[in-house]
Amino acid sequence: MSVLPLVFTSGWASGINAYAVVLLFGIFGATGLSDEVPESLQRTDVLVTAGVLFLCEAVADKIPYVDSAWDTAHTVIRPVSGAVVAALLAGESGSLPELAAGAVGGSTALMSHLVKAGTRMAVNTSPEPFSNIGVSVAEDLGVAGVVTFAVFNPVAAAVVAGSLLLLGLVVLLFLASRIRRFLRRRAQRREEGRMARPGGQGPHG
């Protein structure tokens, strides 16, 4: 069977939480639950690093505004991770060229990352912090569930991931006004911070 469904699903999941994807695939491969996980993802140092970074993301992802700063820093990391994991999976199976797999995984990760980052901007317009925690937990559980499902039923999991990606894009359109509000607030805070620093100048210079 082609590894394409697994590549697509891993790309979608990487755009949300790249470290969880690496950690889960590594564990599944190391425990023998999947034969399609390359040895490089099963290495102890890779698993430890992914685990530590996953814990860092689990904390940062639940703090208002810190989560958006974390997303901004991962705009490149998540798509690259999605491309690398996809290429490794393709190389292990031999059923899909690694370059093509990397393109699918990376582009899918970029789209899901943009959905995640945009949704978080909209959530951050809410004054209470509990919505951030709820959304973060839902994302973590969703990634864990879909990636685990993909190991045993890659085609069905790819359909689920594709549906969630499409739904996320639609929701993002409805949240556009709240995202613009978040960006205005962030720009205002930056301007206030610049003015508060010694040597800051007023609007007339």
HN-Hα couplings for the range 143-156 via Karplus (6.51, -1.76, 1.60; θ = phi - 60°), in whole Hz with x for Gly/Pro, come out as 4, 4, x, 5, 5, 4, 4, 5, 5, 9, 9, x, 5, 5
Which angle between 0 and 90 degrees, to the nearest 10, do you get for helix 77-93 versus the longest principal axis of the chain when only C-alpha atoms count?
-> 0
Tilt relative to the chain, helix 4-30 - C-alpha long axis, 0 to 90 degrees, to 10 | 70
By per-residue mean of other Cβ atoms within 10 Å, what is the highest-first order of 25-32, 178-185?
-> 25-32, 178-185
A correct Karplus calculation of ³J(HN,Hα) over the range 33-41, with 6.51 cos²θ - 1.76 cosθ + 1.60, θ = phi - 60°, whole Hz and x for Gly and Pro, returns 6, 9, 8, 9, 8, x, 4, 5, 7
For the chain, take the alpha-carbon Rg, divide it by the Kirkwood Rh, and send me Rg/Rh.
-> 1.05
Go from 0 up to the bin containing the longest alpha carbon distance in the range 89-146, width 5 Å each, and give me the % of pairs per bin.
-> 4, 16, 16, 18, 15, 11, 8, 6, 4, 1
At a 1.4 Å probe, what is the % contribution of carbon and sulfur to the accessible area of the range 1-85?
-> 75
How high is the relative contact order of the range 60-120, in percent, with contacts defined as C-alpha pairs under 8 Å that are six or more residues apart?
-> 36
Between ILE63 and residues 5 or more places away or on another chain, the pairs with built amide H atoms under 5 Å apart involve none
Amide H of SER95: which non-local residues (sequence gap of 5 or more, or other chain) have their own amide H closer than 5 Å, using H built in the peptide plane?
-> VAL3
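The values are calculated or read from the model by the stated rules, or taken from the named source; none is laboratory data. Note that this is a predicted model, so its numbers are computed, not measured. Virtual Cβ from ideal backbone geometry, glycine too; neighbours counted across all protein chains shown. Accessible surface is based on the protein model in full, side chains and every heavy atom, while ligands, DNA and RNA are left aside. Shrake-Rupley method; radii C 1.70, N 1.55, O 1.52, S 1.80 Å.
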